[in-house]
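Accompanying notes for the structure given below.
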Amino acid sequence: MVRRIAGLARIQVDDEKLPALASELSAILGFVEQLSEVDTTDVKPYTSPVEMQIKARADAVTDGGYPEDILANAPEKDDGYFAVPKVVE
């Protein structure tokens, strides 16, 4: 089983190191089992250790307010839009 896990992890393990690696993996799995026994019913999930609120702006569709300035550097314009070359034939 240890050789299979090593293969999945794409690491090369010598045959003499397999028993030691097997005992380390067993210890890790034992620790994970201990974690699953912890009661977390009153613990709320979080993404940061610091309580914070994400700042959000109003979701409003605008034209940018200055289309002439935006199109000033366009190599080609077509009726107030960027003209781009056709890529599908």
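The values are calculated or read from the model by the stated rules, or taken from the named source; none is laboratory data. Keep in mind the model is a prediction, meaning the values are calculated, not measured. Every residue, glycine among them, receives a Cβ derived from its backbone with ideal geometry; neighbour counts consider all protein chains shown.
Taking the conditions exactly as written (at pLDDT below 90 and either of a type in the set (Lys, Arg) or in a loop (DSSP other than H, G, I, E, B) (or both)), does residue 12 satisfy them or not? Before the answer, list the steps.
Working: at pLDDT below 90: no; either of a type in the set (Lys, Arg) or in a loop (DSSP other than H, G, I, E, B) (or both): yes.
Against the criterion (at pLDDT below 90 and either of a type in the set (Lys, Arg) or in a loop (DSSP other than H, G, I, E, B) (or both)), residue 12 does not qualify.
Yes or no, residue by residue, for (1) touching a residue at least 24 places away in the same chain (Cβ under 8 Å); (2) of a type in the set (Gly, Ala, Ser); (3) assigned to a helix (DSSP H, G or I):
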position: 21; (1), (2), (3): no, no, yes
position: 31; (1), (2), (3): no, no, yes
position: 42; (1), (2), (3): no, no, no
position: 48; (1), (2), (3): no, yes, no
position: 75; (1), (2), (3): no, no, no
position: 84; (1), (2), (3): no, no, no
Just to be sure, is residue 23 modelled with pLDDT of 90 or more and within 30 Å of residue 3 (Cβ to Cβ)? yes
